[in-house]
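Novice: I am attaching a structure below and will ask some questions about it afterwards.
The values are calculated or read from the model by the stated rules, or taken from the named source; none is laboratory data. Please read all numbers here as calculations on a predicted model, not as lab measurements. When we count neighbours, we look across all protein chains shown, and the Cβ atoms used for this are built from the backbone with ideal geometry, even at glycine. The protein model used for the area step is the full one, side chains on, heavy atoms only, and it has no ligands, DNA or RNA in it. Shrake-Rupley method; radii C 1.70, N 1.55, O 1.52, S 1.80 Å.
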Amino acid sequence: MTERSLASELPIEAVVFDWGGTLTPWHTVDTLAIWMAYAVVYDPDGAQALATRLRDAEEAAWAAGRDQHVAATLDGVLRAAGVDPDQARHEAALAAYELAWEPHTWTDPHTLPLLLALRERGLRVGVLSNTIWSRDYHERVFARDGVLDYIDGAVYSSEIAYVKPHPEAFTAALEAVGVRDPTRAVFVGDRLFDDVYGAGSVGMRTVFVPHSSIPDHQRGHSEGTPDAVVHELADVLTVIDGWLGGAADKA
């Protein structure tokens with residue numbers, strides 16, 4: 001029996017994960033310091049002012065995502081702050097920026113065994129992330145941590161028009177993992193607005209991982225009610241097995 005035919009006989013076909021704060025442990029990040037790493041390379045003499053503009057431009061982009069659900073890109077943030085990404089200095093500055101982010105991007109050690117266990121049960125694995133970063137960047141992070149090959153489909157909001165909780169973001173994620181019926185997919189995330197409210201609104205089952213300290217200014221107008229709550233990423237498997245109800249073994 002093929003993986004796809006097995007999945008078609010299960011009550012759940014795929015599990016889709018949020019990235020930051022879910023597949024990566026939550027970190028409180030000083031974004032001004034992160035942007036300073038970029039600014040001191042791009043404009044050493046005006047680094048403080050540039051870093052402040054970059055932080056403010058990023059915060060404006062996230063505010064628009066929260067309130068209007070519109071997506072943003074790193075390129076757009078840079079240009080809003082007066083940076084020309086075509087300048088020769090940009091590549092070196094970008095490398096410094098990514099290096100500053102690196103300690104905050106490490107994948108939760110429970111991720112790999114969880115993804116392997118889900119795939120062993122005939123389920124597809126997806127990722128849907130609100131992000132300004134490129135697919136290439138995220139895939140380099142996943143490859144670094146040894147999980148890229150176990151993700152069947154991924155959607156990064158930097159490539160589409162909308163961010164979570166907009167329905168189109170979740171529709172894109174379902175398409176990426178080949179699921180037509182949203183009730184046969186699960187979304188796992190750490191935010192009650194973006195993740196639980198958004199996924200629940202399109203009919204997906206939801207698992208809430210409440211281990212992130214979401215700042216008040218990042219909270220949306222609504223909070224969804226999750227179908228399940230886990231306090232460790234590894235415990236997602238117990239929830240999924242309960243919903244499968246032995247169907248995977250029978251299949």
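Novice: Among residues belonging to region 211-230 that are open to solvent by 50 Å² or more (accessible area, probe 1.4 Å) and either of a type in the set (Lys, Arg) or assigned to a loop (DSSP other than H, G, I, E, B) (or both), point out the one that is modelled with the highest pLDDT. Break it down into steps so the answer makes sense when it comes.
Specialist: Of region 211-230, the ones open to solvent by 50 Å² or more (accessible area, probe 1.4 Å) are 211, 213, 216-219, 221, 223, 225, 227, 229.
Filter again for either of a type in the set (Lys, Arg) or assigned to a loop (DSSP other than H, G, I, E, B) (or both), leaving 211, 213, 219, 221, 223, 225, 227.
On the way: His211: 71, Ser213: 58, Arg219: 55, His221: 63, Glu223: 69, Thr225: 90, Asp227: 96.
Only one residue fits best here, namely Asp227.
Novice: Does any residue of region 45-68 turn out to be without any contact (Cβ under 8 Å) to a residue 12 or more places away in the chain and closer than 24 Å to Ala143 by Cα?
Specialist: No - not one qualifying residue is present in region 45-68.
Novice: Also, quick follow-up: Would you check which residues across region 124-147 are of a type outside the set (Phe, Trp, Tyr) and either open to solvent by 60 Å² or more (accessible area, probe 1.4 Å) or over 21 Å from Asp190 (Cα atoms) (or both) and list them? Let's see the steps before the verdict.
Specialist: Keep residues of region 124-147 that are of a type outside the set (Phe, Trp, Tyr), which gives 124-132, 134-136, 138-141, 143-147.
Listed by number, the residues that qualify are Ser134, Arg135, Asp136, Glu139, Arg140, Ala143, Arg144, Gly146.
Novice: If a residue must be under 21 Å from Leu74 (Cβ atoms) and under 13 Å from the mean Cα position of the chain (by Cα), how many such residues does region 152-161 contain?
Specialist: 6
Novice: Let me ask something else about it. Please find, among Val239, Val177, Val188, the residue that is more than 30 Å from Glu59 (Cα to Cα), at pLDDT 95 or above, under 17 Å from the mean Cα position of the chain (by Cα) and open to solvent by less than 40 Å² (accessible area, probe 1.4 Å).
Specialist: Val177
Novice: Next up: Could you tell me which numbered condition Tyr162 fails, if it satisfies all but one of (1) touching a strand residue (DSSP E or B) at 6+ places or on another chain (Cβ under 9 Å); (2) farther than 19 Å from Trp243 by Cα; (3) open to solvent by 50 Å² or more (accessible area, probe 1.4 Å); (4) without any contact (Cβ under 8 Å) to a residue 40 or more places away in the chain?
Specialist: So Tyr162 meets the others, but not (4).
Novice: For Ala61, state whether it is in contact with a helix residue (DSSP H, G or I) (Cβ under 6 Å, 6 or more places away or on another chain) and part of a helix (DSSP H, G or I).
Specialist: So Ala61 passes the test.
Novice: Here is a further query. I'd like the residue in region 81-95 that is open to solvent by less than 50 Å² (accessible area, probe 1.4 Å) and touching a Lys or Arg at 6+ places or on another chain (Cβ under 9 Å) and, out of all such residues, is nearest to Asp56 (Cα to Cα).
Specialist: Ala81
Novice: Taking Val41 as meeting all but one of (1) modelled with pLDDT under 95; (2) buried (at least 16 other Cβ atoms within 10 Å of the Cβ); (3) in a helix (DSSP H, G or I), write down the number of the exception.
Specialist: (1)
Novice: Something else: Just to be sure before I move on: is Leu99 open to solvent by less than 60 Å² (accessible area, probe 1.4 Å), modelled with pLDDT of 95 or more and at negative phi in the structure I sent?
Specialist: Criteria not met by Leu99.
Novice: Answer yes if at least one residue in region 58-73 is crowded, with 17+ Cβ neighbours inside 10 Å, touching a His at 6+ places or on another chain (Cβ under 6 Å) and farther than 30 Å from Ala234 by Cβ, and no otherwise.
Specialist: Taking every residue of region 58-73 in turn, at least one turns out to be crowded, with 17+ Cβ neighbours inside 10 Å, touching a His at 6+ places or on another chain (Cβ under 6 Å) and farther than 30 Å from Ala234 by Cβ.
Novice: Restrict the check to region 17-31 and report whether at least one residue is part of a helix (DSSP H, G or I) and within 25 Å of Ile160 (Cα to Cα).
Specialist: Checked region 17-31: at least one residue is part of a helix (DSSP H, G or I) and within 25 Å of Ile160 (Cα to Cα).
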